[in-house]
Amino acid sequence: MKAFFTKTIIKHFCTLFFVAVFCTPTFAQQDIITVPNSEVLPFGTIILKDSNTITPKDSVRVAPSVIMGLGHGMDLAVGVPLKINTNDGHTGVKGEIGLKKVFFLGSSTRLTVGGEINPYLNSATTPDFLTYAHVTQKIKKTRTSISFFLFY
């Protein structure tokens with residue numbers, strides 16, 4: 001009897017999960033796993049964003065940022081991420097400045113190039129940097145897209 005109820009609960013949970021995931025509308029977001037995508041903001045549009053990461057063993061990261069649409073397929077992102085190391089109490093503060101340009105290669109293909117520099121604001125350490133390029137192909141029939149990404 002107990003196994004029957006357990007199987008029924010799991011079956012209902014899975015059904016609800018798939019209905020929630022596949023039957024609700026979804027929208028593009030600015031970053032997916034902190035990697036810039038090919039979506040670009042219209043001129044004058046601003047997004048305020050806060051990304052938080054908590055690692056139970058060693059750190060907490062809070063990263064407020066502002067993303068601005070510059071027009072002509074360009075976005076500028078500026079932020080100040082803060083990382084608190086819970087083991088030793090050390091706090092790291094970085095700047096985050098990123099710029100991307102999207103080239104529209106037809107109605108459903110985009111080429112994005114960009115870069116980001118992250119200078120440390122409270123220590124004499126060489127800044128981190130990222131340069132990237134990716135090609136994104138939108139698949140209209142499924143309302144999805146696929147990207148091929150290169151970075152350095």
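The values are calculated or read from the model by the stated rules, or taken from the named source; none is laboratory data. Being a predicted model, the structure only gives us computed values, none of them experimental. Glycine gets a Cβ as well: all are built from the backbone with ideal geometry, and neighbour counts include every protein chain shown. Each accessible area value is taken on the protein alone, full model and side chains, heavy atoms only, with ligands, DNA and RNA left out. Shrake-Rupley method; radii C 1.70, N 1.55, O 1.52, S 1.80 Å.
With the simple spin-label model, which puts each label point 7 Å out from Cα in the Cβ direction, the Met68 to Ile46 separation comes to 0.8 nm.
Along the range 58-71 the Karplus relation, 6.51 cos²θ - 1.76 cosθ + 1.60 evaluated at θ = phi - 60°, assigns HN-Hα couplings of 9, 7, 10, 10, 10, 9, x, 8, 10, 10, 10, x, 9, x Hz to successive residues, with x for each Gly and Pro. Close amide H pairs (under 5 Å, H built 1.01 Å from N) link Gly71 with Phe43, Gly44, residues at least 5 positions away or on another chain. Note on Ile67: accessible area approximately 10 square angstrom, rounded to 10, probe 1.4 Å, nucleic acids and ligands left out.
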